[in-house]
Structures are given as structure tokens and as C-alpha cells.
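Throughout, read-outs are computed from the coordinates displayed, never taken from laboratory work. Just so we're clear, the structure is a prediction, and the values are computed from it rather than from any experiment. Cβ sites come from the backbone with ideal geometry, for glycine too, and all protein chains shown count toward neighbours.
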Amino acid sequence: METKIYTLDATGAKPGRLATQIAHILLGKNTPDTTRNLVANVQVVVENASKLDITEKRGTEIFQTYSGYQGGQKSETWAHLAARRGISEVLTRIVGGMLPKNKLRTPRLKNLIIKD
């Protein structure tokens, strides 16, 4: 079976609304033969990610990570993360938060290609 490629344009789109569309496609919910235990044979390409409509308030939201060790909690704002790693990392983390927390999350995120 061939890989189906979906292309989304991020120009002027809100990050959360775009991320829900991406997560819906990555989970395979837009096809009638959806299986929850397999990675859908799709690839999502997001173009013009740098033109996302990120408001000033959203730039102050915080991503948190925790290593499990004492003092291992790290916090970073969207704006700082975008400056450090690029807007593609911000969108990837938003989409990753919308996917199920299981072994298929990483393979599904590998089917997401973000172009600035």
C-alpha cells in the first residue's frame, strides 16, 4: 500500500487548530480502515510553518519536561523554544501532546514533516 501524503499550509493558521488536523490525519481517523494498533500509512507535510498565527499571549505559554530526578524539571516558553530550536519543534510538541501516550507516538511523529 502506498503512503498517502497530505500537504497543509500553515499560513495564518492557529497552532492548536492546525495541530488537531495533523493529529487526526496521523491517527488515520480520516480513512475508513482505521486500526488503533498500527501506524497509519500517511505522511503529513506542513508548509510555511514560520507564518503560523502565534499571538503574544501564546508566546508566553510554558513547555515543561521532567527527567524523574531531583532538580530535573525544566521549563521553557514557546517563544524561547522557537528561537532556540525553530518553530517546527514547537508544532511537533503540540501535535505530540495530542497523540496517545504509547509506543506508537514516536513512529507517528516521524510521519510529520514541517517546512519553514
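Just a few scattered comments:
- FRET efficiency for the pair Thr11 and Lys74, taken as 1/(1 + (r/R0)^6) with r the Cβ-Cβ distance and R0 = 25 Å, rounds to 0.20.
- Segment 34-116: GluC sites (Glu not before Pro) in DSSP loop, at most 10 other beta carbons within 10 Å: Glu56
- Subtracting the Cα-Cα distance of Leu38 and Lys115 from 0.36 nm times their residue separation leaves 25.1 nm of extension gain.
- Degrees between helix 87-98 axis and first principal axis of the chain (Cα, 0 to 90, nearest 10): 70
- Loop-resident sites, segment 72-116, for trypsin sites (Lys or Arg not before Pro), counting at most 14 other Cβ within 10 Å (DSSP): Lys101, Lys103, Lys110, Lys115
- Rounded to whole numbers, the Karplus 3J(HN,Hα) couplings from phi for segment 105-110 are 5, 5, x, 5, 5, 5 Hz, using 6.51 cos²θ - 1.76 cosθ + 1.60 with θ = phi - 60°, and x at Gly and Pro.
- Backbone amide hydrogens, once placed in the peptide plane, bring Ile114 within less than 5 Å of Val46, excluding anything fewer than 5 places away on its chain.
- Taking all Cα pairs closer than 8 Å and separated by 6 or more residues, the relative contact order of the chain comes to 33 percent.
- Rounded to whole Hz, the Karplus (6.51, -1.76, 1.60) HN-Hα couplings of segment 35-42, x for glycine and proline: 10, 6, 9, 10, 7, 5, 8, 10
- Each of Arg84 and Met1 was given a label point 7 Å from its Cα along the Cα-to-Cβ line. The distance between the two points is 3.9 nm.
- Applying a DSSP loop filter and a limit of 14 other Cβ atoms within 10 Å to the chymotrypsin sites (Phe, Trp or Tyr not before Pro) in segment 62-116 leaves Tyr69.
- Between 0 and 90 degrees, the angle of helix 15-26 with respect to the longest Cα principal axis of the chain falls at about 30 degrees.
- Neighbourhood net charge (13 Å Cβ-Cβ; Lys/Arg +1, Asp/Glu -1) for Ser88: +2
- Label assignment, Cα extents along the principal axes in Å derived from the structure, set (i) 49, 28, 22; (ii) 45, 37, 18; (iii) 40, 31, 25: (ii)
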